[in-house]
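Read the figures in this text as sums done on the coordinates, not as results from a lab. In this text the structure is predicted, and so the values were computed from the model without any measurement. Here the Cβ is made from the backbone with ideal geometry for all residues, glycine too, and neighbour counts use every protein chain on show.
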Amino acid sequence: MSEKRNRKRGFFAIGDLAVYAVLALIVVALFLAAAFLGKGGKAKGIAIELDGVSVYTYEFGGGGKVAAEFTDRVLEEISETGVTVTVYADAAKKEYNVIFIDPAAGTARMKDANCSFHKDCVAMAAVSSERGLIVCVPHKCRVVALSEKNGYDRIEFGIIRRVDKYNRVWITA
């Protein structure tokens, strides 16, 4: 009996098509929201952190500031094209990250590092939006975007993986 009813009704009833249409609209709306709202606004500045401690802050249009306790481990070189900041991850100054800040474009990128053979942090995209992030896991160095709503003193977004001497991974926000 039910086979005859299914053959007579067809594969899809009007109610089935309405449910599929609503689901398709929800998927499209979520996709558009993620594509246009997920990027965030332009970064107002950047912060460079070592092991979760802010060592350098740069405000686009305002200049940079080295944290008082890290003046011996952070070198700032200002040129016509931008600012190059070298951050030493250790006191012996053997482990380093070089970050290039382009104030005109409002971006910061990892220019060089001696963290590993692959230098994954150098291949990461430049920080240009409020949610931008560059992470160098071996040196525990982060380059994060600052937003105006945080008063330039708090990071908008950032997750770092820490690896201890036993190769255990710790993830913190």
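Structure notes:
- The chymotrypsin sites (Phe, Trp or Tyr not before Pro) of the range 91-153 that meet both conditions, a loop assignment by DSSP and at most 15 other Cβ atoms within 10 Å of the site Cβ, are F117.
- For trypsin sites (Lys or Arg not before Pro), the sites in the range 57-138 that DSSP calls loop and that have at most 13 other Cβ atoms within 10 Å are K93, K94.
- DSSP-assigned coil residues among GluC sites (Glu not before Pro) in the range 60-118, each with at most 12 further Cβ atoms within 10 Å: E80
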